[in-house]
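Read through the structure below, which is laid out as structure tokens, and then see the notes.
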Amino acid sequence: MTFETLNLETLDVEARANGVQVITINRPARRNAMNSQMMCDLGACFAECYKDPDNARCLVLTGAGDKAFCAGADLKERHDMDEQVWGRQHALLEQAMRAMSQVPVPMIAMVNGAAIGGGLELALACDFIYAAPHVRFAMSEVTLGIIPGAMGTQNLPRAVGLRRAKQLILTGAPFTADEALRWGLVNEVVPVDQLRDDVLRVADHIASNAPIAVRQAKKALDHSADLDRAAGYAFELEAYNRTIATEDRHEGINAFNEKRRPVFKGR
Ligand code: COA
């Protein structure tokens, strides 16, 4: 991915040697809140991942500092926004979320601080979530006179079930990392000084697998909640068949029989 050419103002992208890219939301003074520029940057960044998936094998999304992953929309920028500007701004976020939902490469949310409103929605739009123990979550939109608008009403029930999602969205109440873990929203809660190492270890593990197979598996999994079982299985087989013709499929079976680790090339 050629993020350098995108001139991202609110995101830092660190390309690691093994194809892992760490995307850091970088507005710590505003607790990484999403302003219009960030919505554009997120859209551009995710569109780039879609255009050129071969350059990354796994993405990690995190926030700068230890106070917030992302505090949702920038409520200072939104102060006094009229209806039309608000709607146009939200359209930027909608584009970013659509682009994010089409990123073909796995993306892990490394939630190192508060994930509120749109911040929680960003984490939920990742494939899975690791969080630090001190993190506070909330889907707080109804306390501000709006509702989640970054796929929260769709992704939260898929993560925690409809009844828990209704409780969290209709109250807007904060909840802890341990509660998030118990409800299945978060995969692991990891001490803050260990979080980056643990997430990078998981990302490295994914990056060491056959990239085409990983992307096809993600695609099939993403359809599991939306299709009935027969249609989902048909989709899985389409995805499976894409892997049969790959060099990596030969490499996997050869490496097993030669008792060595496979070296996958994404071909
Ligand atoms: N938009 C704009 N600025 C924000 C912000 C947001 N969503 N969240 C925090 N900030 C700003 C604060 O206004 C403050 O700025 P100031 O120093 O100029 O007053 C600065 O970031 C630090 O915030 P503070 O609340 O002191 O930090 P904290 O570490 O104690 O708490 C949060 C962090 C995220 C838990 C808390 O700021 C918060 O709840 N923010 C609101 C989140 C929210 O309701 N989002 C709604 C999305 S729909």
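The values are calculated or read from the model by the stated rules, or taken from the named source; none is laboratory data. This one's a predicted model, so the numbers in the text were calculated from it and none came from an experiment. Cβ: placed from backbone, ideal geometry, glycine included. Neighbour counts: every protein chain shown. Surface accessibility is based on the protein's heavy atoms, side chains included, excluding ligands, DNA and RNA. Shrake-Rupley method; radii C 1.70, N 1.55, O 1.52, S 1.80 Å.
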*Give region 37-59 a look and list any residue that's closer than 21 Å to Arg88 by Cβ and either open to solvent by 30 Å² or more (accessible area, probe 1.4 Å) or β-branched (Val, Ile, Thr) (or both), or say none.*
Gln37, Cys40, Ala44, Ala47
*Please indicate, with yes or no, whether at least one residue in region 183-191 is at pLDDT 95 or above, over 28 Å from Gly149 (Cα atoms) and either in contact with a Cys (Cβ under 7 Å, 6 or more places away or on another chain) or in the same structural domain as Tyr50 (by TED's automatic domain parsing) (or both).*
yes
*Answer yes if at least one residue in region 114-135 is surrounded by fewer than 17 Cβ atoms within 10 Å (Cβ to Cβ), within 11 Å of the ligand (Cβ to nearest atom) and on the phi < 0 side of the Ramachandran plot, and no otherwise.*
yes
*Is there a residue in region 85-97 that is in a loop (DSSP other than H, G, I, E, B) and more than 10 Å from the ligand (Cβ to nearest atom)?*
no
